[in-house]
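The values are calculated or read from the model by the stated rules, or taken from the named source; none is laboratory data. Owing to the predicted nature of the structure, the values given are computational and were not obtained by experimental measurement. No Cβ is skipped: glycine too gets one built from the backbone with ideal geometry, and neighbour counts run over all protein chains shown. Ligands, DNA and RNA are excluded from the accessible area calculation, which covers all protein heavy atoms including side chains. Shrake-Rupley method; radii C 1.70, N 1.55, O 1.52, S 1.80 Å.
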Amino acid sequence: MRSEEDWAGACFSTYVWGAFAEYMDAQVVSIDLDSQVSEFASRWTSPFCETVRTVCADGLEWLKSDSKPI
């Protein structure tokens, strides 16, 4: 989730997954190396703050360190 209405590029998938996860009572983690991208995603997914967590990190390294099942 890199910019508003970026459906053809990076998409708005974090927002869409957040809405779906809220409906399903699930959780979403959005991971990006770019802090500006993470901050943008965090702002846009704030309506789903109980459902979506944004992380600024290397995705592979973060997955190795996270103890929750996928």
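For the stretch 7-22, the set of residues classified as assigned to a helix (DSSP H, G or I) and at pLDDT below 90 consists of Ser13, Thr14, Tyr15, Val16, listed by residue number. The set of residues in the stretch 23-47 that are open to solvent by 90 Å² or more (accessible area, probe 1.4 Å), closer than 22 Å to Leu63 by Cα and assigned to a helix (DSSP H, G or I) comprises Gln36, Glu39. With respect to being outside any strand (DSSP E or B), modelled with pLDDT of 90 or more and surrounded by fewer than 12 Cβ atoms within 10 Å (Cβ to Cβ), Glu4 falls outside the description. Picking from residues in the stretch 48-70 that are outside any loop (DSSP other than H, G, I, E, B) and among the small types (Gly, Ala, Ser), the one that is surrounded by the most Cβ atoms within 10 Å (Cβ to Cβ) is Gly59.
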